[in-house]
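Undergrad: Below: one structure in structure tokens.
The values are calculated or read from the model by the stated rules, or taken from the named source; none is laboratory data. Note that the structure is a prediction, hence the values are computed from the model and not measured. Please note: Cβ atoms are built from the backbone with ideal geometry, for glycine as well, and neighbour counts cover all protein chains shown. Ligands, DNA and RNA are excluded from the accessible area calculation, which covers all protein heavy atoms including side chains. Shrake-Rupley method; radii C 1.70, N 1.55, O 1.52, S 1.80 Å.
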Amino acid sequence: MRITQGTFSFLPDFTDQQIHEQVQYCIDNGWAVSIEYTDDPHPRNTYWEMWGHPMFDNPDAAAVVFELNECRKVYGSYYIRIIAFDSSPGWESIRLSFIVNRPSKEPGFRLNRTETKGRNIQYSMSPYSSDNPQGSRYK
Amino acid sequence: MEKELEETKPNSKLAQVNLKEEFESSGVDQILSELDDTLIGLKPVKTRIRETASLLLVDKAREKMGLMTESPTLHMSFSGNPGTGKTTVALKIADLLFRLGYVRKGHLVTVTRDDLVGQYIGHTAPKTKEVLKKAMGGVLFIDEAYYLYRPENERDYGQEAIEILLQVMENNRDDLVVVLAGYKDRMDKFFESNPGFRSRIAHHINFPDYSNDELLEIGEIMISDMNYKLNEKSREAFAEYIKLRRKQPHFANARSIRNAIDRIRLRQANRVFKTSKGPINSDVLSIIDEVDVRKSRVFSGGIDS
């Protein structure tokens, strides 16, 4: 199951050139761009690990694409996303976030039904991949 | 995707290119004439830049016709004594490359060894990469580049910075242009011991020293930019000062002249303050007198750095 989230979730995956152009748009707007990665695709997993520092003072998007490729070398089988922070409201708020790298195989989610008091059913979901411990979920 | 590219390529090929028009519309002309107007002397440098600019312009035209195969190497090395205008020219080069479309942003990032080399193991690589990232889309100017390589210290981290630099210069050729600068003889030695650098740098430009007359001209421009004026006698004294100063150690061409002017202003201010009684006009405040120049230690044989 292809995970979709963020700004361009309905579009096919971007090429590096397209990523470059989107990031350049963010930089030109004065947003701080950073790269994040995770191997837990659960939709409520909001806080991913950050790759390096947020890139505040790079005027050109090539720097971000460069770092993205560095990140891919290490976490090429993980989910990687690019997020852009806007500090103009006075606090850092996310303006834009999109997935730029995904595992080759995405097994999808299991639906768990739990019977509780009064024969009520509680539903929850868990990614199949998270059966394995962190770090060995995708190959 | 590839098929699409192949289909669109022949259409985008132009049958004719008007070089003259390209030249005028790119704004390169403006930069080149600015270079001629604002920089005194430096004849060989100007010719080299003009040649490089026309090469790049022709390359662009060839690309439009579909004749280009690879983007050219633009990394440069500026060698010359201190104060010969290397940084100023680098700034112009950045602008030039931006107008020609070879760099995307056209900003100049000036660094020295301190900004690239770390202080402990594992510190250098991230530091160098941070600087390189900052310079992407523009020009990275490494002043006194030979300090990166210190053969006398085996454990020096400079070598690590050089390796990363070479790698990025090769792999991200479209993203940034690296300009190395420094004294001629030491740069030559640096290239000898790092052959990888020499082969990756296409343009070696040598900056000659200024002549006395050129320095006087530069000095006069500096003085008038600061809204000061020289009179006949102080101009003579200044010309003499330049002659004497050149023979002294630590002579740094235009930079020495700038420092001298700063000290002359100081002496002028002191003189005006001491002698003035009552109201004074702007002429008194802006004219540099002969004594302001002559009081320099250079005239009495002392060192005036």
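Undergrad: Would you check which residues across segment B:122-162 are within 14 Å of chain A (Cβ to nearest Cβ), touching a residue at least 24 places away in the same chain (Cβ under 8 Å), in a helix (DSSP H, G or I) and open to solvent by less than 40 Å² (accessible area, probe 1.4 Å) and list them?
TA: Across segment B:122-162, the qualifying residues are B:Ala125, B:Thr128, B:Leu132, B:Ala135.
Undergrad: Of everything in segment B:103-114, what is touching a residue at least 12 places away in the same chain (Cβ under 8 Å) and away from chain A (no Cβ under 13 Å)? Give them in sequence order.
TA: Correct list: B:Thr110, B:Val111, B:Thr112, B:Arg113.
Undergrad: Filter segment A:46-58 down to the residues that are within 14 Å of chain B (Cβ to nearest Cβ) and open to solvent by less than 40 Å² (accessible area, probe 1.4 Å) and list them by number.
TA: Correct list: A:Met55, A:Asn58.
Undergrad: Going by the conditions given, is A:Leu68 within 17 Å of A:Asp13 (Cβ to Cβ), part of a helix (DSSP H, G or I) and among the aliphatic types (A, V, I, L, M)?
TA: Against the criterion (within 17 Å of A:Asp13 (Cβ to Cβ), part of a helix (DSSP H, G or I) and among the aliphatic types (A, V, I, L, M)), A:Leu68 qualifies.
Undergrad: Right, another one. Filter segment A:3-19 for residues that are under 13 Å from the mean Cα position of the chain (by Cα) and in a loop (DSSP other than H, G, I, E, B) and give the result.
TA: Selection gives A:Ile3, A:Thr4, A:Gln5, A:Thr7, A:Phe8, A:Ser9, A:Asp13.
Undergrad: Just give me the residues in segment B:44-55 being of a type in the set (A, V, I, L, M) and surrounded by fewer than 20 Cβ atoms within 10 Å (Cβ to Cβ), in sequence order.
TA: Listed by number, the list holds a single entry, B:Leu55.
Undergrad: Now, a different point. Among the candidates B:Gly83, B:Gly106, which residue alone is closer than 18 Å to B:Glu34 by Cβ and assigned to a loop (DSSP other than H, G, I, E, B)?
TA: B:Gly106
Undergrad: Then there's this: So A:Pro54 fits all but one of (1) within 22 Å of A:Asp16 (Cα to Cα); (2) assigned to a loop (DSSP other than H, G, I, E, B); (3) at pLDDT below 90; (4) out of contact with any Lys or Arg (no Cβ under 6 Å at 6 or more places or on another chain); what number is the exception?
TA: All conditions pass for A:Pro54, except number (2).
Undergrad: Read through the list (1) more than 14 Å from chain A (Cβ to nearest Cβ); (2) open to solvent by 10 Å² or more (accessible area, probe 1.4 Å), then give the number of the only condition that B:Ser77 fails.
TA: Checking B:Ser77 against (1) more than 14 Å from chain A (Cβ to nearest Cβ); (2) open to solvent by 10 Å² or more (accessible area, probe 1.4 Å), the one that fails is (2).
Undergrad: Moving on to the next point. With the requirement that a residue be open to solvent by 60 Å² or more (accessible area, probe 1.4 Å), more than 25 Å from A:Glu106 (Cβ to Cβ) and not polar (S, T, N, Q), what does segment A:1-45 give you?
TA: Listed by number, the residues that qualify are A:Glu21, A:Tyr25, A:Asp28.
Undergrad: Can you name the residue in segment A:67-95 that is within 14 Å of chain B (Cβ to nearest Cβ) and open to solvent by less than 30 Å² (accessible area, probe 1.4 Å) and, of all such residues, is farthest from A:Pro107 (Cα to Cα)?
TA: Filtering first and then ranking leaves A:Glu67.
Undergrad: Would segment B:173-181 turn up any residue that is away from chain A (no Cβ under 14 Å) and more than 18 Å from the chain's Cα centre (by Cα)?
TA: no
Undergrad: Tell me which residues, restricted to segment B:174-194, are open to solvent by 60 Å² or more (accessible area, probe 1.4 Å), at pLDDT 85 or above and either under 16 Å from B:Ala125 (Cα atoms) or not aromatic (Phe, Trp, Tyr) (or both).
TA: Within segment B:174-194, B:Lys184, B:Asp185, B:Arg186, B:Lys189, B:Glu192 qualify.
Undergrad: Just to be sure before I move on: is B:Ile223 touching a residue at least 12 places away in the same chain (Cβ under 8 Å) and over 21 Å from the mean Cα position of the chain (by Cα) in the structure I sent?
TA: Spelling it out, B:Ile223 is indeed touching a residue at least 12 places away in the same chain (Cβ under 8 Å) and over 21 Å from the mean Cα position of the chain (by Cα).
Undergrad: Report, by residue number, each residue of segment B:80-121 that is crowded, with 20+ Cβ neighbours inside 10 Å, farther than 30 Å from B:Glu214 by Cβ and of a type in the set (Val, Ile, Thr).
TA: If the condition is that a residue be crowded, with 20+ Cβ neighbours inside 10 Å, farther than 30 Å from B:Glu214 by Cβ and of a type in the set (Val, Ile, Thr), then B:Val103, B:Val117 are the ones that fit.
Undergrad: For segment B:202-220, which positions are within 16 Å of the chain's Cα centre (by Cα) and surrounded by fewer than 20 Cβ atoms within 10 Å (Cβ to Cβ)?
TA: If the condition is that a residue be within 16 Å of the chain's Cα centre (by Cα) and surrounded by fewer than 20 Cβ atoms within 10 Å (Cβ to Cβ), then B:His203, B:His204, B:Asn206, B:Pro208, B:Asp209 are the ones that fit.
Undergrad: Residues A:Glu70, A:Glu21, A:Glu92: which one is in contact with a strand residue (DSSP E or B) (Cβ under 7 Å, 6 or more places away or on another chain) and of a type outside the set (Phe, Trp, Tyr)?
TA: Answer to the check: A:Glu92.
Undergrad: Those residues that are touching a helix residue (DSSP H, G or I) at 6+ places or on another chain (Cβ under 7 Å) and within 14 Å of chain B (Cβ to nearest Cβ), I need them from segment A:28-45; list them, please.
TA: A:Val33, A:Ile35
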